[in-house]
Amino acid sequence: MRILVAGGGVSGLATAVALGARGHHVLVLEQRPVLTEGGAGVRLAPHTFRLLDLLGVGDAVRERSLVIDEFRVMDGATGEPVSTIALPARHGDGRPTHATAHRLDVHEPLLEACWELDAVRLLADSRVVGYTEHGESVVAALADGRSVTGDALVLSGTARSVVRRDPQWADRTPRSRLAVYHTVIPMELVADRWQDGAATCWVGAQWQVAHFPLPDSRYLSLSATRHQHTGADLDGTRVDLEQVLAAFPEIGYAARNVLTMGRDWHAWTVPDQAAGAGRVRGRVALVGGRAEAPGPLEDLGLRHALEDAVDLGTGWDASAGDALRWLADFEARRSEPAPEVASGCGGGLR
């Protein structure tokens, strides 16, 4: 089967690895001139490492990661500590259980895995702007006028916006969004108390702020999440500190001081929707991009992207070669609540 994957970020490459390893011919269509990722930090918990192991890149990511040994929850209004948990930093075999990494530290091992698979082809400068289904195939239209045909189309990353204004997906559009603001700060600009090997989360009623050190401990990853975002869609939009602070008017003094450490901010909006709601139509599927409030112990966006990729791969094994059944079963499975999922700052201890 020939599968088109729109988007060459972590989600798209993980999908390509999962399907290419099963012999499918996968064409990854990336809109940027090179396949790379931004400098955002990610948190890696035991379940995330298990998913990376299933994709064959777990050890490569472990080599690039920084072990974290403590998890703190702070009251975002008062600045008072709520709880501190010592983390099991390593398994008995010495491999880390809780760690942090640059997003590029996950992307590059997946990219190398794609290069090693003869069935996977990577095509940059190829932005998907639309698609049409014709019988047993789907045709993806590219921004430069070209088109490519496959048996199925998987939309990942920013390529999911292709369906945003499609009336056929209108009833599947989530009603609310999260806004996530992110920056990376040189550690010499960070207050001494936040320079240790801990992940910290400040919790408010409709928001949270999380920060943690990145590999080599030269940078601190800082993110702020606003629930029920009502403004314009944000797609890696560059924003200044004043805009970030304006999004959190009720934030307490101590948490506000943490935010003021950041200067070079970027922002994204993510649909706040059920796990699998409205993710497949015919021969087209959306992967990754689900939103839950991310806790400091695990990057749920990363985990969901990897879960979707692994599920698409293993799901094919039970599909009897029927592409429509394969995608329909994928949506049915991913719409079921995962027993291991725990949202918010207390989640991700698995």
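Each Lys and Arg contributes +1 and each Asp and Glu -1, all at the Cβ; summed about the Cα centre of the chain, the dipole is approximately 580 debye. Ellipticity at 222 nm from helices only: DSSP H runs of n ≥ 4 in the chain, each -39500 (n - 2.57), divided by the residue count, give -7000 deg cm²/dmol.
With the Kirkwood sum run over all distinct C-alpha pairs, region 195-240 has a hydrodynamic radius of 12.6 Å. For the pair ALA328 and ALA77, label points projected 7 Å from Cα toward Cβ lie 4.9 nm apart. Our compactness index for region 8-59, the C-alpha radius of gyration over the empirical 2.2 N^0.38 Å, is 1.26. Surface composition of the chain: carbon plus sulfur atoms contribute 50% of the solvent-accessible area (1.4 Å probe, protein chains only, all chains present). Here the gap between GLU188 and VAL129, fully extended at 0.36 nm per residue and compared with their Cα-Cα distance, gives a gain of 17.0 nm. One way to sum up the overall shape of the chain is the equivalent ellipsoid from its Cα gyration tensor, whose semi-axes run 34, 22, 18 Å, largest first.
On a per residue basis, the chain carries 42 Å² of accessible surface, using protein heavy atoms and a 1.4 Å probe. Rounded to the nearest whole Hz, the Karplus-based 3J(HN,Hα) values (6.51 cos²θ - 1.76 cosθ + 1.60, θ = phi - 60°) of region 226-237 follow the sequence 10, 7, 6, 5, 10, x, 5, 5, 10, 10, x, 4, with x at glycine and proline. Using 0.36 nm times the number of residues separating SER319 and ASP216, minus their current alpha carbon distance, what extension gain do you get? So the extension gain works out to 32.7 nm. Computed from phi, the 3J(HN,Hα) profile of region 312-324 under the Karplus parametrisation 6.51, -1.76, 1.60 (θ = phi - 60°) reads 4, x, 5, x, 4, 4, 9, 8, 6, x, 9, 5, 5 Hz, with x in place of Gly and Pro. Extension gain, TRP115-GLN206: 0.36 nm per intervening residue step, less the Cα-Cα distance, totals 28.5 nm. The base-10 log of I(q)/I(0) for region 133-272, evaluated at q = 0.09, 0.15 Å⁻¹, reads -0.40, -0.82 [Debye formula, identical scatterers on Cα atoms, solvent excluded]. Between GLN168 and HIS25, the distance separating the two model label sites (each 7 Å from Cα on the Cα→Cβ line) works out to 2.3 nm. Once the mean of 1/r is taken over each pair of separate Cα atoms and inverted, region 16-99 shows a Kirkwood hydrodynamic radius of 15.9 Å. With unit charges on the beta carbon (Lys/Arg positive, Asp/Glu negative), name the residue among LEU324, PRO33, VAL73 whose Cα is farthest towards the positive pole of the charge dipole of the chain. Selected residue: LEU324. Based on the reciprocal of the average 1/r between different C-alpha atoms, the Kirkwood radius for region 49-205 equals 20.2 Å. Summary of the geometry: region 76-136 and region 6-53, compared by the centres of their Cα atoms, lie 7 Å apart.
For PHE248, neighbours were defined as the other residues whose beta-carbon sits under 10 Å from its Cβ, and their charges (Lys and Arg +1, Asp and Glu -1) total +1.
The values are calculated or read from the model by the stated rules, or taken from the named source; none is laboratory data. Just so we're clear, the structure is a prediction, and the values are computed from it rather than from any experiment. A quick note on method: Cβ atoms are made from the backbone with ideal geometry, for glycine too, and the neighbour counts reach across all protein chains shown. These area figures cover heavy atoms from the full protein model, side chains too; ligands, DNA and RNA do not enter into them. Shrake-Rupley method; radii C 1.70, N 1.55, O 1.52, S 1.80 Å.
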